[in-house]
Amino acid sequence: MELLSLELNENENHEVFNNIKIITNLDESDINIEISSTDEGNIRLRYFTDNRINKREYIENIIGKVTKLLIEYTKLESINILKESYFYFDEDEVGNIISDIENEIDNDVKIKLIIKNKFKEILERSTLINLNGFINFRLKFIKLYAAQVVERCIDSYLMKKEYMDFISIIKLISETEEAEYDLVNVMYTNNKIQVYDKNMKKLTYISNMELSSDLVNKVAYDESVINILLNVSPKKIILHEQKLDKGNKEAVNTIEIIKKIFEGKIEMCKGCKYCDLL
């Protein structure tokens, strides 16, 4: 009993044809595949089975594989747009952006559902589907979607790059300052990050140092805490983060920035009398 047939042409879409193994390697042993050539020069994949009882399940299996193939096609379309339109990025930068593109598309449940449903609509009308035609006429929106994904991933990459540049500069500043304190404590209390000396006296230094205003707008963090730590330039920072509210983005980001800037000076509190009082 035939389940469905797919046709595709290598010359029309290399991205799809080169990933043909996705739709020929099926997990279900009861599904047989017959591969042949048509008079038009297409490759035809005919899926059939002797098990009538599980027909619907087998078709869903095949649809899942086709959806996966088309998701790979979407990723390749995005990568092509990146390389053709944003050629000024170097090899390492392109690699980082491609990784972000693939992750975003892989985790986009909505686009998978849209592709899957559109394929099902065609399958209701005919059990013979030309994949190249399906892409060209039913998935026209993929190019626009791919371009939007690329733009978002580039924006995200540039923001992360700016963030890391910022951390590097501030870390360099901290390393050139003379240590005024042997030890300070950083704690989460009263819904914010606070800095205390070794005797648990709160530090409230005011600094004239101006950090990146652009970064403040993009990444929520407590600039005053970073300023205090840069001013006192401690030899050791004890982080008391057991009671840290993970939902407080500003506090979480501030702790992460502290860990990056003062790497090698951080000691994690595993529980103390001060933590118990919070």
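Some points to look at:
- Number of residues in region 239-260 that are open to solvent by less than 30 Å² (accessible area, probe 1.4 Å) and either touching a Leu at 6+ places or on another chain (Cβ under 7 Å) or modelled with pLDDT of 90 or more (or both): the value is 7.
- Screening the candidates TYR163, TYR181 for the property of being among the hydroxyl-bearing types (Ser, Thr, Tyr) and not in a helix (DSSP H, G or I) yields one hit, TYR181.
- Pick from region 164-195, criterion free of Cβ contacts under 8 Å to residues at least 40 places away in the same chain and among the hydroxyl-bearing types (Ser, Thr, Tyr), ranking: surrounded by the most Cβ atoms within 10 Å (Cβ to Cβ): SER168
- Taken over region 196-216, the criterion of being within 30 Å of the chain's Cα centre (by Cα) and either at pLDDT 75 or above or open to solvent by less than 30 Å² (accessible area, probe 1.4 Å) (or both) is satisfied by LEU211, LEU215.
- Residue in region 98-115 that is farther than 29 Å from GLU263 by Cβ, modelled with pLDDT under 95 and of a type in the set (Lys, Arg) present: no
- Residues of region 217-238 satisfying the condition of being surrounded by fewer than 18 Cβ atoms within 10 Å (Cβ to Cβ), assigned to a loop (DSSP other than H, G, I, E, B) and modelled with pLDDT of 85 or more: LYS235
- All positions within region 1-18 that are under 22 Å from ASN136 (Cβ atoms) and open to solvent by less than 40 Å² (accessible area, probe 1.4 Å): LEU4, SER5, LEU6, GLU7, LEU8, ASN9, ASN13, VAL16
The values are calculated or read from the model by the stated rules, or taken from the named source; none is laboratory data. It should be emphasised that the depicted structure is a prediction, and the values quoted were computed from it without experimental measurement. Heads up, the Cβs are rebuilt from the backbone with ideal geometry, glycines too, and the neighbour counts pull from every protein chain shown. Please note that ligands, DNA and RNA were not included when accessible areas were found on the heavy atoms of the full protein model with its side chains. Shrake-Rupley method; radii C 1.70, N 1.55, O 1.52, S 1.80 Å.
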